[in-house]
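Q: Dropping a structure here in structure tokens format, bear with me for questions.
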Amino acid sequence: MVIDNRITVALTGASGSPYALALLKALVRHKQHIWLLVSDAAREVIRLEMGQTLPANHEQTEHYFRHYCQDTTGAIRLLANNDWSAPPASGSGAPTRMVICPCSMGTLAAVACGLSNNLIERAADVAIKEQHQLIILPREMPLSPLHLEHMLKLARLGVVVMPASPAFYHQPQSVQDIVDFVVDRLLKHLGLAGILPAWGV
Ligand SMILES: Cc1cc2nc3c(=O)[nH]c(=O)nc-3n(C[C@H](O)[C@H](O)[C@H](O)COP(=O)(O)O)c2cc1C
């Protein structure tokens, strides 16, 4: 059972913004309180993949995500990438769960090396040092030895590495079905009800 219903969700510049937006929608439905982080590259990927240009203004960007996710209660709170005073930046304030979805190879490398150069990297560093749940959804193809070494390093630290690898045994009929498969796996790892029925049950 999940006691802390706060969660940090970071969107970075790998392909896969439909996963991120579907995850945010599901978390809102699950009444989670979301600290949202969006890298500059993620904004560009959202523009190209979703045909949506995020506003430059902080409040308007937050409003965009709340509106998109039908968040009527202000569950989504957007943080600036240099807001070092925000709860996810500190072990004493961070939620016990964090997801980086999608996770670029750049952010993956920075987290694996503990760089903490922006709030996404710092929040992940905090999650690792506090032994909180950290899930990353990397996306790249093919994977170089560097990418694989970073993933192995993180997996050995207890980070759950969930590549965006949809399966097809549920016979998806649409892109949304494919997205839902991945988001379902994420939700179940977070201790929340998924979107799809459990396989074989
Ligand atoms: C349309 C688009 C798709 C991209 N897809 C990927 C990707 O799948 N994986 C990846 O690691 N980087 C991808 N990139 C490159 C990253 O966005 C870039 O390395 C960026 O510096 C990552 O910054 P961030 O980690 O701060 O978000 C993509 C960039 C664009 C514009």
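Q: Pick from Ala75, Ala89: which is surrounded by 15 or more Cβ atoms within 10 Å (Cβ to Cβ), closer than 19 Å to Asn5 by Cβ and touching a residue at least 24 places away in the same chain (Cβ under 8 Å)? Give the derivation first.
A: Details: Ala89 fails: closer than 19 Å to Asn5 by Cβ.
Result of the check over Ala75, Ala89: Ala75.
Q: Among the candidates Val126, Val161, single out the residue that is surrounded by 16 or more Cβ atoms within 10 Å (Cβ to Cβ) and in contact with a Ser or Thr (Cβ under 7 Å, 6 or more places away or on another chain). Outline the logic, then answer.
A: Working: Val161 fails: in contact with a Ser or Thr (Cβ under 7 Å, 6 or more places away or on another chain).
Among Val126, Val161, only Val126 is surrounded by 16 or more Cβ atoms within 10 Å (Cβ to Cβ) and in contact with a Ser or Thr (Cβ under 7 Å, 6 or more places away or on another chain).
Q: Here is a list: Asn118, Asn82. Which entry is exposed (fewer than 14 other Cβ atoms within 10 Å of the Cβ) and either within 14 Å of the ligand (Cβ to nearest atom) or modelled with pLDDT of 95 or more (or both)? Before the answer, list the steps.
A: On the way: Asn118 fails: exposed (fewer than 14 other Cβ atoms within 10 Å of the Cβ).
Exactly one of Asn118, Asn82 is exposed (fewer than 14 other Cβ atoms within 10 Å of the Cβ) and either within 14 Å of the ligand (Cβ to nearest atom) or modelled with pLDDT of 95 or more (or both), namely Asn82.
Q: Any residue in the stretch 96-103 that is away from the ligand (no atom under 16 Å from the Cβ), surrounded by 15 or more Cβ atoms within 10 Å (Cβ to Cβ) and touching a residue at least 12 places away in the same chain (Cβ under 8 Å)?
A: First, the residues of the stretch 96-103 that are away from the ligand (no atom under 16 Å from the Cβ): 96-97.
If we keep only those that are surrounded by 15 or more Cβ atoms within 10 Å (Cβ to Cβ) as well, we get 96-97.
From the residues that got through so far, the ones that are touching a residue at least 12 places away in the same chain (Cβ under 8 Å) too are 96-97.
Yes, that holds for at least one residue.
Q: Could you pull out every one of the helices (runs of 4 or more DSSP H) wholly within the stretch 104-201 that has 2 or more residues that are within 16 Å of the chain's Cα centre (by Cα) and farther than 27 Å from Gly93 by Cα? Even if it seems obvious, please write down each step before you answer.
A: On the way: elements: 105-112, 119-129, 145-156, 175-189.
Those helices (runs of 4 or more DSSP H) span 175-189.
Q: Say we look at the stretch 34-52 and pick out the residues that are more than 10 Å from the ligand (Cβ to nearest atom) and under 21 Å from Val175 (Cα atoms); which of these is surrounded by the fewest Cβ atoms within 10 Å (Cβ to Cβ)?
A: Gly51
Q: Please work out which residue is farthest from the ligand (Cβ to nearest atom), limiting yourself to the stretch 6-29 and to residues that are under 17 Å from Lys188 (Cβ atoms) and surrounded by fewer than 21 Cβ atoms within 10 Å (Cβ to Cβ).
A: Result: Arg29.
The values are calculated or read from the model by the stated rules, or taken from the named source; none is laboratory data. This structure is a prediction, so every number in the text was calculated from the model and none was measured. Because the Cβ atoms are built from the backbone with ideal geometry, glycine has one as well, and the counts that use them run over all protein chains shown.
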